[in-house]
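K.L.:
What follows is a single structure, and I will ask about it in a moment.
Throughout, read-outs are computed from the coordinates displayed, never taken from laboratory work. Only a predicted model underlies this, so the values are computations on that prediction, with no experimental measurement involved. Every residue, glycine among them, receives a Cβ derived from its backbone with ideal geometry; neighbour counts consider all protein chains shown.
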């Protein structure tokens, strides 16, 4: 693999190496098996891929969260060496490369950016749109690979592509989980031991909730989710919403779930100092 840190060198290499479909896997590092599954999917589909490692400051509304975010670059590169091919590229820019001037662009995504993560992380998706659009314009990928764990982010990226008419296909890959069910996340390594032990309650609870939809209505389900998770010391539910996968319109009652749409239960939990997100599909009944 090739490790490149400047936009200029990256574009020179892509001009030389690109022959057909180019895949792109954006990451903020602290790689785990979930990231590697995206990389393997990209390798299986594209003869050349770029994996970015960049902790984007504009998507952090909490400066302390930005400081805490893990940055084990040497470990990340060692993991990628085991699966990337000779000409695949790892792009490791710094802030000056990605933002040579302050990015003052403001994006609007309608309802997609008006609930769930947006309410708890103001400006987060505007920062995501800033960095992803920068990557798209620098790399010009044919296919970009994103994980379904970041459910709302996927919807934002799809709308970003539609609005800007980027010629890139989005490949959405399934959530990858630890053996105990916890969705893999770079933040998991920051969990205190007892918190990590209790964290599987999140997936267990939303899995049970997805089965409850057959006999119970949504207000009862939401109350069950909050009560079940908050029994654990240090755990608090920031939100739990059942939304469609197109416009992310929340269903307040079961009768509001429309045929022809797919619905997901999306949750964010504060596990002491660390935020954890997850989602699961809810069947139509």
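K.L.:
Reported to two decimal places, what Rg/Rh ratio describes the stretch 1-59 when computed on Cα atoms with Rh from the Kirkwood expression?
P.N.:
My calculation puts Rg/Rh at 0.98.
K.L.:
Further, regarding this structure: Apply 1/(1 + (r/R0)^6) to the Cβ-Cβ distance of residue 75 and residue 114, taking R0 = 25 Å, and write down the FRET efficiency to the nearest 0.05.
P.N.:
For R0 = 25 Å, the calculated efficiency reads 0.10.
K.L.:
Pairing the Cα long axis of helix 124-139 with the longest principal axis of the chain, what angle in degrees results, from 0 to 90 and rounded to the nearest 10?
P.N.:
30
K.L.:
For residue 106 and residue 63, what does the FRET efficiency come to when R0 = 25 Å and r is the distance between their Cβ atoms, rounded to the nearest 0.05?
P.N.:
Once the sixth-power term is evaluated, E becomes 0.80.
K.L.:
Oh, and also: Taking 0.36 nm per residue of separation and subtracting the Cα-Cα distance, what length does fully extending residue 96 through residue 6 add? Numbers along the way, then the final one.
P.N.:
Details: separation 90, 0.36 × 90 = 32.40 nm, distance 0.95 nm.
Working it through step by step, the gained length comes to 31.5 nm.
K.L.:
Once you compute Rg and the Kirkwood Rh from C-alpha atoms, what is the Rg to Rh ratio for the chain?
P.N.:
Rg/Rh: 0.97.
K.L.:
Using a 10 Å cut-off around each Cβ, can you sort 21, 228 from fewest to most neighbouring Cβ atoms?
P.N.:
Numbers: 21 15, 228 18.
By the 10 Å Cβ count, ascending: 21, 228.
K.L.:
Given points 7 Å out from each Cα along the Cα-Cβ axis, report the residue 192 to residue 236 separation in nanometres with one decimal.
P.N.:
1.5
K.L.:
Going by average Cβ density within 10 Å per residue, which order do the peptides 106-112, 242-248 take, highest to lowest?
P.N.:
Those peptides, ordered most packed to least, come out 242-248, 106-112.
K.L.:
Give me the log10 of I(q) over I(0) for the stretch 128-285 at q = 0.09, 0.12, 0.16, 0.19 Å⁻¹, as the Debye formula computes it from C-alpha points; what are the numbers?
P.N.:
-0.33, -0.58, -0.95, -1.18
K.L.:
Taking the chain as the reference, fit the longest principal axis to its C-alpha atoms, fit the long axis of helix 33-45 to the helix C-alpha atoms, and give the angle between the two in degrees, 0 to 90, nearest 10.
P.N.:
Approximately 60 degrees, to the nearest 10.
K.L.:
Could you work out the helix-only [θ] at 222 nm for the chain, with each DSSP H run of four or more residues adding -39,500 (n - 2.57) and the total divided by the number of residues, to the nearest 500 deg cm²/dmol?
P.N.:
-11000 deg cm²/dmol
K.L.:
Still on this structure: Compute the helix-to-body angle for 151-164: its Cα long axis versus the longest principal axis of the chain, expressed 0 to 90° and rounded to tens.
P.N.:
So the helix axis and the longest Cα principal axis differ by about 50 degrees.
K.L.:
For residue 16 paired with residue 261, estimate the spin-label separation in nm (one decimal), with each label point 7 Å from Cα along the Cα-to-Cβ line.
P.N.:
Taking the simple label geometry, residue 16 and residue 261 are separated by 5.0 nm.
K.L.:
Could I ask something else about it? How much length would be gained if the chain were fully extended between residue 172 and residue 281, taking 0.36 nm per residue of separation minus their Cα-Cα distance, in nm to one decimal? Provide the component values of the computation, followed by the final result.
P.N.:
Numbers: separation 109, 0.36 × 109 = 39.24 nm, distance 1.43 nm.
Full extension of this stretch gives 37.8 nm more.
K.L.:
Shifting gears a bit: Taking R0 as 35 Å, what FRET efficiency do you get between residue 212 and residue 45 from their Cβ-Cβ distance, rounded to the nearest 0.05?
P.N.:
0.40
K.L.:
Quick one: Cα centre-to-centre distance for the stretch 1-63 and the stretch 116-149, in angstrom?
P.N.:
First find each Cα centre; the distance between them is then 13 Å.
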